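Please read the structure below before turning to the comments.
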Amino acid sequence: MHYALIAIMALILLRCAFSLLFSGSKDEVWGTLVDKKGTSYDLTHWENLIGRSSGADVRLKSKTASPVHAALVRDNEGNWTVSDLGSREGTILRGKIITKRQRINSGDTLTIGGTELKFTRSTKKMEENLEATREDASKSTGAWQCMMLLSAFICILALELLQNLEAALKVNILFAFVSVLILAWGTFIMTVSARRRGFELETIAFLLTSVGFAVCLSSDAKNIFKLGICLAIGVVLYFAMCWFLRDQKRVNLLRVPIAVLGLVLLGINLASASTLLGAKNWLNIGGVSFQPSEIVKIAFVFAGSVGLERIFSKGNVVLFMAFSAVCIGCLAFMRDFGTALIFFTVYLVIAFMRSGSFATVFMSALGALLAAVIAITARPYIADRFAVWGHAWEDAANLGYQQTRTMTAVASGGLFGLGGGKGWFKSIFAADTDMVFGVVGEEYGFIIAALCVLFIAFLGFTAVKSVKNSRSSFYAIAACAAASFYLAGLILNVFGSVDILPFTGVTFPFVSKGGTSLIASWGMLSFLKAADTRPMASFAVLPPGTRAKKKRKPKKEAPDEEA
């Protein structure tokens, strides 16, 4: 059975890689700018940066244009607005210098750095043709192949555990994998019914979740029912966020309340949470315990991701820096330094994407290094973790106990593993959470453990690929931030448990046992889905024909109307 599991995982990885990374996204023209010489600039994004910079979407040769001069933005309804981004010469619309974001209509003249540009938005007929093209491109997606491979993987995983674990756990095993199959098929049917292309991201998430369920059944089977409920909540949250992210106006309106809610959760956590293993990061409400920091990850992505018009606002940058400092500070006071390090890593990614400045990242990293030195000095147990780093075998019975047992378990599993449920490492405390790589490596083999790592790494490649053709900087930043949470958690979990990095005690996304972590992992998957630029892949774009059914109210041409 192990050979079949490896073969299916490899096929799924190849199938997803081919579809997500190598199926090109054709540029979609949403409007044009034409100068007096007849030079045409196609607007292939919903957010277009105009300026002299080589990174501008509309690059002007005018020496009086600022490197980053103005932003031309389209909303979900097809309305366009223009904003000046603090340029030296200003941005002129219809003969008047604009000071705030203003609506621009088809036929209007825009003057930037002495260059006159006539704006023409895509016509209703052109947008209908784009929608028809998307629908044609989405007919052959390979989604059915992904779903059938996933179903086979889940069934084989269940059969192996039914064979290896005691008969008393039969109900737990059947509940776990039947739940995963039902939710997977339900998600697939909803995706296909919505005429969406591809099922790669969801396939990866369900595959890793099923591996996590197998680990839970092997180590702590009684908690599988709670984990099944958390998976259902996570899938519902995924669809709810996909719907929510469709409307960027709605997102911009609620970004601040979501960020404030995240701070409130951390504040409650800091004030009243119980301490577990030295970290004060668990809340217990009505007998249900959860980690607020996992939910705050979603709020952090919302707070850091902004549209093109707000990226260059200094006030917005300062507010995000302050928000990040409060979040990371709260986590440090909770003594959850592993999660604090993950948040800081994601902050650096967002800060670079918003500023493009290595200096900003470098100064932030210096500040974090100083804070780390202070933390190590003030908290002796952190110093102990650094002291044992790279020397775990020298103190295998004490400070290096967890790392040495993890490495032993992975080594004893070899390439193909001992079999699901047959390992000994699962009895070690926190083996199914902070050291889950050891459980997977021992019972299912190093190849399957490595493939699990590759699937998370693949999500990171997917996010990076989406940046170039993303319709909005919000979706691009959000996808990279969510992928950074996955990758930072993965690196600290895997490398920390095998003594390549200091042991921090964080979770492996989707795989580690933990209901809150599973819910948050599924919620963040929606950011990657929203950023998918393949035809009819993202829920952020309405399906073909939907826009045509909406009756648009006639709008008056208001030359000086602020949007």
Discussion item. Please determine whether any residue of region 65-86 is over 35 Å from the mean Cα position of the chain (by Cα) and modelled with pLDDT of 85 or more.
Written reply: yes
Practice prompt. Confirm whether T91 is without any contact (Cβ under 8 Å) to a residue 60 or more places away in the chain, open to solvent by 50 Å² or more (accessible area, probe 1.4 Å) and either farther than 26 Å from M148 by Cβ or of a type in the set (F, W, Y) (or both).
Written response: no
Worksheet entry | Per-region count, region 169-208, residues farther than 19 Å from S427 by Cα, polar (S, T, N, Q) and surrounded by fewer than 24 Cβ atoms within 10 Å (Cβ to Cβ) | 4
Practice prompt. Would you be able to tell me the number of residues in region 53-71 that are open to solvent by 20 Å² or more (accessible area, probe 1.4 Å) and under 20 Å from N469 (Cα atoms)?
Written response: 6
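Test G356 against the stated conditions and say whether it is modelled with pLDDT under 75 and open to solvent by less than 60 Å² (accessible area, probe 1.4 Å).
Answer is yes for this residue.
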Item to complete: Please specify each residue of region 459-475 satisfying the condition of being of a type in the set (A, V, I, L, M, F, W, C) and open to solvent by 10 Å² or more (accessible area, probe 1.4 Å).
Response: F461, V464, V467
Fill in: Selected residue [touching a residue at least 24 places away in the same chain (Cβ under 8 Å) and within 22 Å of the chain's Cα centre (by Cα)] from L181, L208
L208
Discussion item. Please count how many residues of region 501-534 are aliphatic (A, V, I, L, M), more than 21 Å from V215 (Cβ to Cβ) and at pLDDT 90 or above.
Written reply: 1
Worksheet item: Considering only region 320-342, how many residues are surrounded by fewer than 21 Cβ atoms within 10 Å (Cβ to Cβ) and not in a helix (DSSP H, G or I)?
Response: 1
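So is S538 at pLDDT below 90, part of a loop (DSSP other than H, G, I, E, B) and either open to solvent by less than 20 Å² (accessible area, probe 1.4 Å) or small (G, A, S) (or both) or not?
Values: at pLDDT below 90: yes; part of a loop (DSSP other than H, G, I, E, B): yes; either open to solvent by less than 20 Å² (accessible area, probe 1.4 Å) or small (G, A, S) (or both): yes.
Criteria met by S538.
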Worksheet item: Among strands (runs of 3 or more DSSP E) lying entirely in region 258-318, which contain 2 or more residues that are modelled with pLDDT under 70?
Response: 274-276, 279-285
Item to complete: State yes or no: is R74 open to solvent by less than 30 Å² (accessible area, probe 1.4 Å), charged (D, E, K, R) and closer than 30 Å to F199 by Cβ?
Response: yes
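Of all strands (runs of 3 or more DSSP E) completely enclosed by region 1-90, which ones contain at least 3 residues that are under 27 Å from D247 (Cβ atoms)?
31-35, 47-51, 70-74, 80-84
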Practice prompt. Looking for whichever is surrounded by 17 or more Cβ atoms within 10 Å (Cβ to Cβ), closer than 26 Å to L49 by Cβ, modelled with pLDDT of 80 or more and touching a helix residue (DSSP H, G or I) at 6+ places or on another chain (Cβ under 7 Å) here; the options are A351, A392. Which one fits?
Written response: A351
Worksheet item: Looking at region 429-483, which of its residues are part of a loop (DSSP other than H, G, I, E, B) and acidic (D, E)?
Response: D432, D434
Fill in: Matching residues, region 146-168, being surrounded by fewer than 17 Cβ atoms within 10 Å (Cβ to Cβ) and charged (D, E, K, R)
E166
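The values are calculated or read from the model by the stated rules, or taken from the named source; none is laboratory data. Worth saying up front: this structure is predicted, and the values here are computed from it rather than measured. Here Cβ is always computed from backbone atoms with ideal geometry, including for glycine, and neighbour counts include all displayed protein chains. What goes into the accessible areas is simple: the full protein's heavy atoms, side chains included, and nothing from ligands, DNA or RNA. Shrake-Rupley method; radii C 1.70, N 1.55, O 1.52, S 1.80 Å.
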